[in-house]
Protein chains: 2
Amino acid sequence: MSLHRRHILGAGAGLGATLLTGTAPLLGSLGAAQAAAPLAGTQAPSTFRFKIGAIEVTALHEGVAARPLDANFVRNAELKDVQAVLAENFLPTDTLNISFTTLLVNTGSKLVLIDTGFNDNGGPTNGRTVAQLKSLGIEPGQIDVVLLSHFHGDHLQGARAKDGKLVYPNAEIMAPENEWGFWMDDARAAAAPEAMKGAFAGVHRVLKPNANDVKRFKWGQEVVTGITAVDASGHTPGHTAFAISNGGKTLMYVADITNNPVLFARNPEWRVMFDMDPEKSVQTRKRILDMAATDKIQISFYHANFPSTGFIAKEGAGYRLVPAPWSTVL
Amino acid sequence: MSLHRRHILGAGAGLGATLLTGTAPLLGSLGAAQAAAPLAGTQAPSTFRFKIGAIEVTALHEGVAARPLDANFVRNAELKDVQAVLAENFLPTDTLNISFTTLLVNTGSKLVLIDTGFNDNGGPTNGRTVAQLKSLGIEPGQIDVVLLSHFHGDHLQGARAKDGKLVYPNAEIMAPENEWGFWMDDARAAAAPEAMKGAFAGVHRVLKPNANDVKRFKWGQEVVTGITAVDASGHTPGHTAFAISNGGKTLMYVADITNNPVLFARNPEWRVMFDMDPEKSVQTRKRILDMAATDKIQISFYHANFPSTGFIAKEGAGYRLVPAPWSTVL
């Protein structure tokens with residue numbers, strides 16, 4: 001990553017032959033002073049707003065989680081092939097920095113938060129959704145609807161803080177019927193293999209205390225005006241995408257049809273360890289990515305590089321996310 | 001861009017056959033209510049912080065400017081070929097939304113602003129640099145150095161407001177010697193063709209009132225501790241890149257070695273109308289992009305999609321910007 005002397009000097013006069021020869025700085029005497037602003041040491045508030053017709057959508061950077069990359073992560077690819085794709089994308093090859101992006105949707109009449117992140121149930125590098133909302137002047141109590149794509153912890157746990165309190169106290173929680181049926185079944189939870197018991201317990205922690213208040217919806221239903229639930233099952237039994245439509249435009253929030261699209265849009269046959277029905281996940285991934293590419297529909301992922309939204313280009317046997325243009329005006 | 005019924009329905013049960021059949025919303029009665037937060041109507045503060053060793057760099061979204069795309073924009077390509085590349089990147093083919101990203105560099109001892117944008121001398125969709133700084137808690141008076149890559153208006157005009165006041169009153173303005181020599185020459189300004197007179201006048205407006213205070217630097221010089229000026233001439237006679245280096249890492253701020261890299265990194269031979277020495281511009285563009293690709297050096301453009309920074313992948317006969325990962329931790 002360093003700018004090697006050989007390259008600078010090798011480039012000849014064009015790059016300035018004296019670049020690294022130690023010319024005294026013009027402001028050399030100022031090196032000991034303090035800058036008027038201290039180093040911040042942390043990321044700035046990270047939100048990105050765009051419009052779908054009259055609906056305002058804001059991507060919120062929930063954060064990242066690092067996990068060591070091992071041969072398990074992609075079930076049906078060689079570790080070296082996974083590492084090659086990461087390297088091509090200038091990403092570390094020993095660690096995956098999985099990114100999380102929640103979505104605030106202001107329909108004009110409702111403030112809807114799609115997926116919640118972790119709140120204080122995750123690690124030190126995530127749980128930023130409430131802070132991002134506050135950076136926009138929005139308090140958690142103003143959220144009208146918490147809309148869940150599925151019940152994996154990184155999407156759901158942020159609905160209830162570690163102390164048991166609801167993070168969005170005035171919000172109606174809305175969840176896919178098929179997801180509810182799978183995870184809230186006590187007999188299935190009791191019979192679950194040891195490795196799955198934590199996942200069931202996590203879901204129950206968040207949803208059981210207010211189970212009667214959770215509104216369940218079916219695929220095909222317009223769950224909030226302008227937001228329609230779409231079957232994206234495979235990743236989990238009730239995994240749901242949301243079509244956010246207004247004024248002839250549509251954003252598809254595709255949740256986890258891929259983990260990082262750098263890997264799984266590029267290689268849609270690859271099976272991430274989190275896909276509960278891997279074969280169906282591949283079908284869903286291909287179907288939705290192909291539709292997005294063909295129809296030039298903007299999509300938002302949960303696990304792409306922030307702001308995690310853009311358009312899908314066909315590339316080789318797979319697809320590539322082309323980030324949406326960032327603008328000052330909506 | 002719309003999610004056509006035929007595609008949804010054509011996809012079969014997977015996408016939900018009832019998607020667009022008009023199921024009543026679960027919250028249908030709430031359509032008339034106002035969301036607790038009004039529609040914002042504008043972009044959220046847009047800054048992106050990253051580290052180069054111990055140096056903190058923050059990309060600031062100065063804004064965009066729309067201009068109609070005509071056959072003049074790329075001097076040596078067919079309009080239809082330019083439009084094809086834009087379409088491949090899901091961008092409008094009749095309008096160019098040229099993006100501007102200024103850089104705040106905190107070396108620990110100095111707050112340096114690289115290029116200034118327009119301040120109030122541009123249009124309604126740009127001039128956001130001061131607002132971005134304020135969103136980070138930084139006042140213009142805290143900037144120690146304004147470092148200019150070259151004297152085109154979108155880089156320079158923001159140093160002095162329309163009312164004649166310096167925008168960064170406590171900053172030392174630093175400028176490339178070769179740029180100064182070209183633009184500040186009164187004889188050359190007087191002899192300039194009509195189409196260039198405005199550019200000269202713009203430079204003089206900003207720099208003449210405090211001409212004696214402007215610090216001029218040469219290529220190869222370390223202008224501020226950790227920031228070295230690099231010859232990137234061609235776009236203008238003194239066009240300068242900056243190598244920001246600390247702890248064995250380097251960011252190259254490459255200013256206008258390309259206009260939008262979607263067009264000109266992909267097609268480095270293409271000559272944008274703003275390149276004053278087109279042939280030398282092509283050489284500079286290729287040399288720096290090739291170095292960045294070979295050495296995997298992070299670069300920041302002025303005219304890429306915000307945050308306008310990342311790594312350079314070779315692609316066909318050209319290059320592609322791979323955006324840097326967005327993180328919560330630095």
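Distances between equivalent label points of residue A:71 across the copies, with each point positioned 7 Å along Cα→Cβ, amount to 6.1 nm, shortest listed first.
Viscosity 0.890 mPa s, temperature 25 °C: what is the translational diffusion coefficient of segment B:45-323 from Stokes-Einstein with a Kirkwood Rh over Cα pairs, rounded to a whole number of µm²/s? Write down the numbers at each step before the final one.
Details: Rh = 18.8 Å.
Approximately 131 µm²/s, per Stokes-Einstein.
Counting only other residues whose beta carbon sits under 14 Å from that of residue B:249, what net charge do I get with K and R as +1, D and E as -1?
0
Shape class of segment A:129-253 from the alpha-carbon gyration tensor: oblate, with a/c at 1.5 or above and b/c at least as large as a/b. The loop-placed GluC sites (Glu not before Pro) in segment B:164-204, going by DSSP, include none that has at most 10 neighbouring Cβ atoms within 10 Å of its Cβ.
How much length, in nm to one decimal, is gained on full extension between residue B:314 and residue B:131, taken as 0.36 nm per residue of separation minus their Cα-Cα distance? Don't jump to the answer; show the numbers that get you there.
Working: separation 183, 0.36 × 183 = 65.88 nm, distance 3.56 nm.
Taking 0.36 nm per residue and subtracting the Cα distance, the gain is 62.3 nm.
What's the angle, to the nearest 10 degrees (0 to 90), between helix B:194-207's Cα axis and the longest principal axis of chain B? Approximately 80 degrees, to the nearest 10. For residue A:306, what charge total do you get from the other residues with a beta carbon under 11 Å from its beta carbon, if Lys and Arg give +1 and Asp and Glu give -1? Spelling it out: positives minus negatives among the neighbours equals 0. Across segment B:185-271, the mean sequence separation of Cα contacts (distance under 8 Å, 6 or more residues apart), normalised by length, yields a relative contact order of 13 percent. Prolate is the label for segment A:69-161. Its Cα gyration tensor axes, ordered a ≥ b ≥ c, give a/c of at least 1.5 and a/b above b/c. Computed over the alpha-carbon atoms, segment A:32-97 gives an Rg to Rh ratio of 1.18, Rh here being the Kirkwood radius from the mean inverse distance.
Helix B:79-88 versus the longest principal axis of chain B: what is the Cα-based angle in degrees, 0 to 90, to the nearest 10? Result, in degrees: 60. Considering every alpha-carbon pair of segment B:220-330, the percent of pairs per 10 Å bin, from zero through the bin containing the longest distance, is 15, 48, 31, 6, 0.
Per-residue ellipticity at 222 nm computed for chain B from its helices equals -6500 deg cm²/dmol, with DSSP H segments shorter than 4 residues left out and the rest contributing -39,500 (n - 2.57).
Please go through the residue pairs A:51/B:249; B:134/B:162; A:134/A:314; A:249/B:80 and name each one whose alpha carbons sit more than 29 Å apart in this structure. Numbers along the way, then the final one.
Values: A:51/B:249 38 Å; B:134/B:162 20 Å; A:134/A:314 37 Å; A:249/B:80 26 Å.
Cα-Cα > 29 Å for A:51/B:249; A:134/A:314; rest within.
Within the protein assembly as shown, the ratio Rg/Rh, alpha carbon atoms throughout and Rh by Kirkwood, equals 0.99.
Report, as an integer, the average count of C-beta atoms from other chains found within 10 Å of each Cβ along A:214-223. Display every interim value, and only then the final one.
Working: counts 0, 2, 1, 3, 4, 7, 10, 8, 11, 4.
Whole-number average of other-chain Cβ neighbours for A:214-223 is 5.
Structural descriptor for chain B: relative contact order 15 percent, calculated from alpha carbon pairs under 8 angstrom and at least 6 residues apart.
Tell me the relative contact order for segment A:74-156 as a rounded percent, counting alpha carbon contacts under 8 Å between residues six or more apart.
Numbers: 90 pairs, mean separation 21.2, N = 83.
The normalised contact order for segment A:74-156 reaches 26 percent.
We did not get these values from a lab; they are worked out from the coordinates using the rules stated. Source: prediction; values computed, not measured. A quick note on method: Cβ atoms are made from the backbone with ideal geometry, for glycine too, and the neighbour counts reach across all protein chains shown.
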